[in-house]
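The values are calculated or read from the model by the stated rules, or taken from the named source; none is laboratory data. Just so we're clear, the structure is a prediction, and the values are computed from it rather than from any experiment. Here the Cβ positions follow ideal geometry from the backbone for every residue, glycine too, while neighbour counts run over all protein chains shown. For accessibility, only protein heavy atoms count, side chains too; no ligands or nucleic acids. Shrake-Rupley method; radii C 1.70, N 1.55, O 1.52, S 1.80 Å.
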Amino acid sequence: MLIAGAGMAGLCAAARARELGASPVVLEKGDRPGGSMLLSSGVVWRFKTFEDFRRECPAGDERLQRLIFDGFDEALDWLVSLGPTVEWDDTPNPLTTGKRFEPRSLTEALVRAVGPVRFGQGLGTVPPTRPEKPVVLATGGFPVRYAREHGLLVRSNPWSEGDGLDFARARGAELAGDLDEFYGRAMPAPPARIEESDYVRLSQLWDGEPRVIDEEGEEFFPSPPAWHESDLAQAIARRPGGTAWFCVSEERRDDPRVVGLREAGGTIVEEYGELCLHVAAAVTHTQGGLRADENAQVAEGVFAAGVDVGGIATGGYASGLAQALVLGRLAAESALR
């Protein structure tokens, strides 16, 4: 078995394959394991009820939503058994349940279970014809490509450019979900300097407090955003320049979100008793992708996991790490069968 990607989905697939007695070859285009999971807050979660899942992601593929919901608890217990540091025993969100892991510890625990990873090797090393061994795609979707094509910021690892999507499409795979839908955040706009380690800390999550104004001075998005605020990030992406201004009371001067933006070199305009923070839409992962069946198969001999699979959270937001965990394990099991 060949596994493309050593992020959360690929590592879960490889660890499960080794557990079942296989010796997977793990290719990673980048120079480190962990993918975008290593840059995240490390929360792996599901909705508390399947009805909540359907309500929050109404246009998503119900079959795959059910797979993730039903398989989550067992998969989470398995992940805990690998020995990573657990920072939360449950989520504080009343809609969800899960755990928060320290991302570096989680990466290290998975790598221990996986064994060697071939870094600097992507799907370009796989023959263009049908591979002799099953392939599991876990390349993290195409956020880098999407951000580049739409003039947005990247808030993911720098290697997820859609290689898995292209590989599978060349072998007859179909697409699912909305290819223009993404999960993302409002982040400090250029010239702010944002390091990968700042992706969580500098996220501009305000729970609907700011007035949101575009570059032409038009106030938009008057309603409070959804609890995940990804809908607001997508709305900003559709405005001129993919940027906006978050205007909050000047009393927020010492708020960590304001301080962080200022220290990163972001732009703050003070007027009429408000601080207006310049923000930009940043893409963490895409939500459209490959159409997978109940075995995570996308084409003959080709399986997919994580956000390489599309159409699960269409119309809303669900945990990308849960999608990586459950589908990573399932793809390995299916490929070995």
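Laid out as a table, the results:
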| item | result |
| --- | --- |
| Residue-normalised accessible area of region 158-201, expressed per residue, 1.4 Å probe, Å² | 48 Å² |
| Value at 222 nm in deg cm²/dmol, rounded to 500, when DSSP H runs of n ≥ 4 in the chain each add -39,500 (n - 2.57) | -9000 deg cm²/dmol |
| Translational diffusion coefficient (Stokes-Einstein; Kirkwood radius from C-alpha pairs) of region 33-115 at 37 °C, 0.692 mPa s, in µm²/s | 240 µm²/s |
| Orphan Cys of the chain, criterion: no other Cys C-beta under 4.7 Å | CYS12, CYS57 |
| Choice from SER156, SER41, SER81 with maximal GNM fluctuation in the chain (Cα, 10 Å cutoff) | SER81 |
| Alpha-carbon Rg with Dmax, taken over region 211-260, Å | 11.7, 30 |
| For region 43-181, size of Cβ-based charge dipole, Lys and Arg +1, Asp and Glu -1, in debye | 460 debye |
| Stretchable slack from GLU294 to GLU263, in nm (0.36 nm times residue separation minus alpha-carbon distance) | 6.4 nm |
| FRET efficiency, VAL86 to ASP255 (Cβ-Cβ, R0 25 Å, nearest 0.05) | 0.30 |
| Computed label-point distance, nm, for sites ARG112 and THR125 using a 7 Å Cα→Cβ extension | 2.6 nm |
| Protein accessible area in region 265-326, 1.4 Å probe - carbon and sulfur % | 46 percent |
| Region 1-57: radius of gyration over Cα atoms, expressed as a fraction of 2.2 N^0.38 Å | 1.44 |
| Exposure rank, largest accessible area first [SER36, SER197, SER334; 1.4 Å] | SER197, SER36, SER334 |
| Region 165-235 - Rg over Rh from alpha carbon coordinates, Kirkwood radius | 1.10 |
| Listed residues MET187, PRO158, PRO210: farthest to the positive end of the dipole of region 144-224 (Cβ charges) | PRO158 |
| Gain in span if fully extended, GLU62 to SER223, counting 0.36 nm per residue against the direct Cα distance | 55.2 nm |
| For the chain, size of Cβ-based charge dipole, Lys and Arg +1, Asp and Glu -1, in debye | 1320 debye |
| Hydrodynamic radius (Kirkwood) for the chain, which is based on Cα pairs only, to one decimal in Å | 20.2 Å |
| Summed residue charge, Cβ within 11 Å of GLY162's Cβ, Lys/Arg positive, Asp/Glu negative | -2 |
| Other-chain or far-sequence residues with amide H under 5 Å of GLU274's (modelled H) | GLU250 |
| Gaussian network model of the chain, Cα within-10 Å springs - most flexible of ALA235, ALA189, ALA147 | ALA235 |
| Charge context of TRP245, other residues only, Cβ under 10 angstrom, K/R +1, D/E -1 | -3 |
| Cα Rg over Rh - region 253-337, Kirkwood | 1.28 |
| LYS29 accessible area, assembled protein chains, probe 1.4 Å, Å² | 70 Å² |
| Isotropic mean projected area of the C-alpha convex hull, region 155-275 (nm²) | 8.9 nm² |
| Virtual spin-label span in nm between ARG32 and PHE50, 7 Å along Cα→Cβ | 3.9 nm |
